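Below is one structure, written out as structure tokens, with a few remarks after it.
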Amino acid sequence: MRGAVLSRRYAEALADVAVRDGEDMVRTVREELDALAGAYREDTAFRSFAGTARAGRGKKKEFFRNVTEELGLSELTGRLLQLLVDKKRTSILPTLARAFGEEADRRLNIATARLISAEQLTESQRHTLLEKLERITDKKIRLTEEVDESLLAGFQVSLDGRFYDGSLRGQLNRIREIIAHGG
């Protein structure tokens, strides 16, 4: 719990600084933090070095300075990593990346929609769907797609806590419910 609260605070402060440098900087920092969080989760050596107090602050600062240089990370991300080392909070990197992503989306007015369709959408269908979702939400939409042939036809969309079911399977289930409850 404490890590989530700290992560949110760091994410908000980081977003304040990144937004001043423009949307491109917000996107850059988000991508960099996502990559670092992925390395933290997947690489046990990285996680054990970065996430524990065993390594001294000087070694950690040097390590993250090298990571910043070798990966060509932005100066802002580099400064954040140094601050996390100074405050002994490198272990919050994965939750910070998630919190920053959410905060960045909020500030850039972006929503993520999850699309499950019976078959892969054409580019034209995808474009039409995105336009409609953006009009409905008044937000830019980031679409994640999945194919599930069990839908039979159509699609389902999850967006901003809402679920839209335009699938044939969904329609059949609704008809089944109407019949079961005496129409």
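The values are calculated or read from the model by the stated rules, or taken from the named source; none is laboratory data. Every value quoted in this text rests on a predicted model; they were computed, and no experiment measured them. Every residue, glycine among them, receives a Cβ derived from its backbone with ideal geometry; neighbour counts consider all protein chains shown.
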Checklist entry - Do any helices (runs of 4 or more DSSP H) entirely within the stretch 81-183 hold 1 or more residues that are under 29 Å from Asp16 (Cα atoms), and if so, which? => result 93-108, 123-137
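Which one is surrounded by the fewest Cβ atoms within 10 Å (Cβ to Cβ), of the residues in the stretch 81-103 that are small (Gly, Ala, Ser) and in contact with a Gly (Cβ under 9 Å, 6 or more places away or on another chain)? Lay out the reasoning, then the answer.
Pass one, the stretch 81-103, residues small (Gly, Ala, Ser): 91, 97, 99, 101.
Filter once more, so that each one left must be in contact with a Gly (Cβ under 9 Å, 6 or more places away or on another chain): 91, 97.
Working: Ser91: 17, Ala97: 24.
Result: Ser91.
Can we say Ala39 is under 21 Å from the mean Cα position of the chain (by Cα) and buried (at least 18 other Cβ atoms within 10 Å of the Cβ)?
Details: under 21 Å from the mean Cα position of the chain (by Cα): yes; buried (at least 18 other Cβ atoms within 10 Å of the Cβ): no.
No; evaluated as a whole, the condition is false for this residue.
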Checklist entry - Is it true that some residue in the stretch 138-149 is under 25 Å from the mean Cα position of the chain (by Cα), surrounded by 11 or more Cβ atoms within 10 Å (Cβ to Cβ) and over 19 Å from Leu121 (Cβ atoms)? => result yes
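Look at Glu131 and say whether it is at pLDDT 90 or above, loosely packed, with under 13 Cβ neighbours inside 10 Å and not hydrophobic (A, V, I, L, M, F, W, C).
yes
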Checklist entry - Which of the residues belonging to the stretch 9-26 are buried (at least 21 other Cβ atoms within 10 Å of the Cβ) and β-branched (Val, Ile, Thr)? => result Val26
Checklist outcome for this item: Within the stretch 52-80, of all residues that are within 21 Å of Arg20 (Cα to Cα) and touching a residue at least 24 places away in the same chain (Cβ under 8 Å), the one surrounded by the fewest Cβ atoms within 10 Å (Cβ to Cβ) is Ser74
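Determine which member of the set Glu42, Glu70, Glu62, Glu31 is among the charged types (D, E, K, R) and within 28 Å of Arg107 (Cα to Cα).
Values: Glu42 fails: within 28 Å of Arg107 (Cα to Cα); Glu70 fails: within 28 Å of Arg107 (Cα to Cα); Glu62 fails: within 28 Å of Arg107 (Cα to Cα).
Step by step, each of Glu42, Glu70, Glu62, Glu31 is checked, and only Glu31 is among the charged types (D, E, K, R) and within 28 Å of Arg107 (Cα to Cα).
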